[in-house]
Amino acid sequence: MTTVDLAVVGNGMFGGLVDSKGRYVWCCMDKFDGDPVFNCLINNNSDKTGFYDVVLEDFATSKQAYQDNSTVLVTTLSTGKGDVVEIRDFAPRFVHYDRVFRPFQIIRIVKRVQGDPRVSIRIRPTFQYNSTDGYQTRGSQHVRFCGPTNTWRVTTNIPIRRILEEMPFLVSDEPVIIIFGSDESFTNSLSQVAAEFETKTINYWKQWCNTLFLPVEYQEVLMRACMSLVMCQSEDCGGFLSSLTMGLPLGPLCPASRDARVCRLLDECLALPVLRDIGLLDVCRKFLTFAKEICYADGDVQHVYNAWGSATDIKRQWAPYLAGYRGMGEVHSGGPLIEDPAAGDINGVNGEGAVDLADTWNKHAVIYGLLAISLVHAFFDVRLNQELCTPKLCEKLEQYAVLACEAFTHRSQMFRTFGPGLEDQEDGATRRLRPPLGAGFFDDDPQFLYHQEPGTSEADARTQDLSSVHTLTSVLCWAAADRLQRVAAIFFKDASRADKWKRRALTIHEEICRHAWNPQRGAFTTYWGGGRVGPSLLRLAELGFISAEDARFRGTVRAFEQDAALCAVCLGGADGEPLAEDANMLTAQSACFTTNTMLWYCEALRSTGAPAEARRLLEAMIRSSTHRGILAEAIDFKSAEPWGNTPCTAALLSLLRVAPRLSRSWREV
């Protein structure tokens, strides 16, 4: 059965996913969000098209692991008679001519280990999301797979007919070399090129791993997470791809998810201390450069950009020739970067003359705080401030802080006017104030994870009684003012300016504490005046809004535990039907949560004095993946099966946050 528990092969220019038997089930060669040349992962694991594998006759078992401290993937296939063949896969990445060499190439080396392994090579790329197989042309040692817009070349040292006709053959002592990639000819010895590229790639990653600041425990997990994170950092812009894939459901009863091959600025902006602490300063610099580019780009800032850092939307298109993951749901590529499912409902959730308050709650309020939180790091690091910090950037951040404060002031006034019920009577009609665009970014809101047609989302009904002031969004407005106070003191050395921003931040802080605190529950709630406690509030201590030792944060974590079932992306019963959101998780057959949420919960447990519980949860999540350190978007805690798009960079960043903090100190060794 197909699974998202997959190995990653990539080099920062493209990424592919390989299953436990060495089959490429997903790969976008030309760009991260391009046409997947191998796509059987979201085509019901088709055995006809969209994959690249090595088939061993009389196959019995397989083993797979990465070579130590590198991205070279080693898959070993065996028969019941003792015939063994080894497959080595990697995408070259090493320093060449004072720059990092990252070609659009997958190099596969097939070696005989023992016995007489007899294999066949099957390379079946498709084009335009599996709508055509294209056509082939051949040379003496290569074959070209030609599609409407792209052409890919396979160069090998075995007779080309074995590739074209998938003829079985015995693997001899001479390794089989297969290079799949851009349509470029090789003028050197193929075996020498493959051996040289493999050696240089291994040495590159080993030296790279030597720069990491690893704790006593979880070292292999953290190295694998760091390497996977780098393979998902777009070299075109410096942003992190949310995932390499698209359309993978978050649970057995979930629809296909959105195209996740985009660069988001959500938890990524909160992870700069994490990257710095583990030694990924160059990764940090690239991301900060991306964040600075956003500040200077034309148009409004936003929280999602495409894979090359542009705010240009990619038209959402149905892929009718892809059957979906395990045949679950229609697959769509692209789609609007900023999407508000409720925007098309001009009558609102109650159908009685509702008012759209997108103008009163600036839809960019979230990103203002996030940019300030991330870019402030450049002002405090002498290795970064000469390159990144300028008076113009500081003015930009100050402008964003002003806009964030204005958005906060307007929304808090609306809340005080209309109250927690959020209904206003005007001319006999009831107006319901909607939650702001982006309110669910940090709360696993299905509106954010899936594409929903206006008015069709179950989440619309769930949010009818919620306040329109999302607590974490308001906290991010506070963060914009708080960080500007620090920049004004350090960069401008202007005490009066710093004091002005300090007083603004304090005013916002007091307002949030007044309206977001629920004394009956003893916790901050997801929305002002509400009663539920969602995952977003687990970030309050990390943001510095309140201390982890504060009794209010402890109470919020306890309240989150009580509401945990409401945060599940999938609760399934024994009959295969979804359970109600107030159902008991203990009776569910499946209970899927986003991996990122559970890792934030791990950190909250650790910081509130429950490290043993945090460690048990963390290690259970790590064990759910064959390649420990690679995490998918969601996990079913009943079966320990990963779900969703993979690898999930937000989860990788959260793993890099909590695992070192749970580890023993080097002083204890």
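Odds and ends about this structure:
- Put in order of Cβ neighbour count within 10 Å, fewest first, the listed residues 236, 494 become 494, 236.
- Among the listed pairs 31/111; 31/392; 200/286, those beyond 26 Å (Cα-Cα): 31/111; 31/392
- When you count the other C-beta atoms within 10 angstrom of each residue and take the mean per peptide, 135-146, 558-569 line up highest first as 558-569, 135-146.
- Cβ-placed point charges (K, R +1; D, E -1), dipole of the chain about Cα centre in debye, nearest 20: 1820 debye
- With coordinates expressed along the principal axes, the C-alpha atoms belonging to the stretch 123-264 extend over 50, 40, 31 Å, beginning with the largest.
- Cα-based helix-to-principal-axis angle, 190-209 vs the chain, degrees rounded to 10: 30 degrees
- Here's the picture: charge each Lys and Arg Cβ at +1 and each Asp and Glu Cβ at -1 in the chain, and of 24, 113, 568 the one pushed furthest to the positive end of that dipole is 113.
- Gap separating the Cα centres of the stretch 591-669 and the stretch 494-547, nearest whole Å: 26 Å
- Sequence of 496, 547, 536 once ranked by neighbouring C-beta atoms within 10 Å, starting from the fewest: 496, 547, 536
- Efficiency of FRET between residue 390 and residue 199 - r from beta-carbon atoms, R0 60 angstrom, step 0.05: 0.90
- Rg/Rh for the stretch 598-669 stands at 0.98; both radii use Cα atoms, and Rh follows the Kirkwood definition.
- Taking the helices alone, the chain has a mean residue ellipticity at 222 nm of -10000 deg cm²/dmol, built from -39,500 (n - 2.57) per DSSP H run of at least 4 residues and averaged over all its residues.
- Kirkwood-type hydrodynamic radius, the stretch 187-314: 16.9 Å, calculated from all non-identical alpha-carbon pairs.
- Sorting 4, 9 by the number of Cβ atoms found within 10 Å of their own Cβ, with the fewest placed first, yields 9, 4.
- Both radii are taken from the alpha-carbon atoms of the chain; with Rh as the Kirkwood radius, Rg/Rh is 0.98.
- Using alpha-carbon coordinates, inclination of helix 391-418 to the longest axis of the chain, degrees: 60 degrees
- Ordering of 55-68, 168-181 by burial proxy (mean other Cβ atoms within 10 Å per residue, highest first): 168-181, 55-68
- Relative contact order (%) - criterion: Cα under 8 Å, at least six apart; region: the chain: 13 percent
- Principal axes of the stretch 7-209: Cα extent on each, largest first, Å: 46, 42, 34
Every number in this text was worked out from the coordinates using simple rules, so none of it is lab data. Here the structure is a predicted model, which is why all the values come from computation and not from measurement. Don't worry about glycine lacking a Cβ; one is built from the backbone with ideal geometry, like all the others, and counts go over all protein chains shown.
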